[in-house]
Every structure is written in structure tokens, then in C-alpha cells.
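Reviewing the structure listed below.
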Amino acid sequence: SLVEAGIGTTRVIVVDQSETDATQDVINSYLSTIQLTYIRTKTKGKCAAANLAMRYIKTEFVVMLDDDCAVTPGWSEALLDAMLTHDDVAVVYGSVAPAFVCPGGFIPQYIVPRELIVSNWLQKCRARGIGANCAYRKSYVLAIGGFNEDFGPGSRFRSCSDGELSLRCIAKGFH
């Protein structure tokens, strides 16, 4: 969906933690289409992958999405616009809508109702936001020690990596 959304010259970093070559085979078919960095690692967990990707990112603004997400044209520009408008914003969450019905399963969704600047813990609890579609200011994330690898899919605490990171940003004085 990244190619179809027209990401232009945006660099894409894929961190592959799988045990097979299936992801690499798909990635190889896009190497001539987009600027892509492929990283194969034995680390486990979304936050471990995010911390590894941060070492390769050369820009201040980072847009991340989960591997099961499909994007639409303009999705990254909307996230980055919020970062550029507000200098003290560390994290921006975008809408996530399920693309299909999963009988017997759960597909999280989060629709951004309006722009909201969160500056305290209670506001964060009410605002929600999920890390499947979000943007970060790299220097702010690094200032709080990066992503906490104890949280998120594939880790000891299998969720709330986005909420935990947001709360640490707020504690540091970022929004």
C-alpha cells in the first residue's frame, strides 16, 4: 500500500524479525520501486524493532506503522503536519480503521475525532491513540531512552508500548 499511496522519495525501513525468508522475498520485489532499507534481525518485539530502526533513521521525523496496516494517499503528510505545527509534540497518532472483519478475533481501531494536544497523564488516558499508525520526533524519543522493549507485541507485556512511551514523553515535558 505504500507504493500505491505514492510515498515518493520517502525512505522505508523494514525490520524483519521472522524466521523465514518470506518477508525478504516480498521486499526484494520493491527494491527498484522505493528507497528501502531491509534489516533482518533475531531480536523479538515491536519496540526492539523500533529501537533498531532508529539507528538507521537520519531524519528528525519518523512515521511508523504496523506490518498489517494499509495506508491511503496523504497519510504520512497528515501525521507530519501535526509535528511541524507544534514544536513540543513528541508523538502524533493517526486513525486506524479495520480493513476487514475478523470472526472470533479482534482488530483494534482508533479514529482521530479532532486534533488534541495531550499535556498530562489523565488527558492521555482519555485521548487513547495506538501505535499502528503514528509519528515520532526522533530526538524526543531518544531523550527518554527510546522504546521500552518490555512493552508491546512480542515482549513481556504484550501491549501498551505506545501508551507507555507517550507517558514518558509527558513526564519529560513533551506532548
Test for Val62: is it free of Cβ contacts under 8 Å to residues at least 40 places away in the same chain, open to solvent by less than 80 Å² (accessible area, probe 1.4 Å), of a type outside the set (Ser, Thr, Tyr) and not in a helix (DSSP H, G or I): no
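Could you pull out the residue among Ile130, Ile170 that is in contact (Cβ under 8 Å) with a residue 40 or more places away in the chain, touching a helix residue (DSSP H, G or I) at 6+ places or on another chain (Cβ under 8 Å), open to solvent by less than 50 Å² (accessible area, probe 1.4 Å) and of a type in the set (A, V, I, L, M, F, W, C)?
That would be Ile170, the only listed residue that is in contact (Cβ under 8 Å) with a residue 40 or more places away in the chain, touching a helix residue (DSSP H, G or I) at 6+ places or on another chain (Cβ under 8 Å), open to solvent by less than 50 Å² (accessible area, probe 1.4 Å) and of a type in the set (A, V, I, L, M, F, W, C).
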The range 86-110: number of residues that are at pLDDT below 80, open to solvent by 100 Å² or more (accessible area, probe 1.4 Å) and either among the aliphatic types (A, V, I, L, M) or closer than 22 Å to Lys138 by Cα (or both): 1
Filtered residues of the range 65-85 (kept if modelled with pLDDT of 90 or more and either more than 23 Å from Gly8 (Cα to Cα) or assigned to a loop (DSSP other than H, G, I, E, B) (or both)): none
Residue match in the range 31-42 (condition: within 15 Å of Phe147 (Cα to Cα) and either in contact with a Pro (Cβ under 7 Å, 6 or more places away or on another chain) or not acidic (Asp, Glu) (or both)): no
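Conditions (1) without any contact (Cβ under 8 Å) to a residue 12 or more places away in the chain; (2) open to solvent by less than 60 Å² (accessible area, probe 1.4 Å); (3) on the phi < 0 side of the Ramachandran plot, marked per residue:
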residue: Val112; (1), (2), (3): no, yes, yes
residue: Trp121; (1), (2), (3): no, no, yes
residue: Cys134; (1), (2), (3): no, yes, yes
residue: Tyr140; (1), (2), (3): no, yes, yes
residue: Asn148; (1), (2), (3): no, yes, yes
residue: Gly152; (1), (2), (3): no, yes, no
Where Leu116 falls short, out of the listed (1) touching a helix residue (DSSP H, G or I) at 6+ places or on another chain (Cβ under 7 Å); (2) buried (at least 18 other Cβ atoms within 10 Å of the Cβ); (3) not acidic (Asp, Glu): (2)
Breaking point among (1) in contact (Cβ under 8 Å) with a residue 24 or more places away in the chain; (2) within 24 Å of Pro153 (Cβ to Cβ); (3) not aliphatic (A, V, I, L, M), for Pro73: (2)
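The values are calculated or read from the model by the stated rules, or taken from the named source; none is laboratory data. Here the structure is a predicted model, which means the values were calculated and not measured. Note that we place each Cβ from the backbone using ideal geometry, even for glycine, and neighbour counts take in every protein chain shown. Remember, those area values only see protein heavy atoms, side chains included, never the ligands or the DNA or RNA. Shrake-Rupley method; radii C 1.70, N 1.55, O 1.52, S 1.80 Å.
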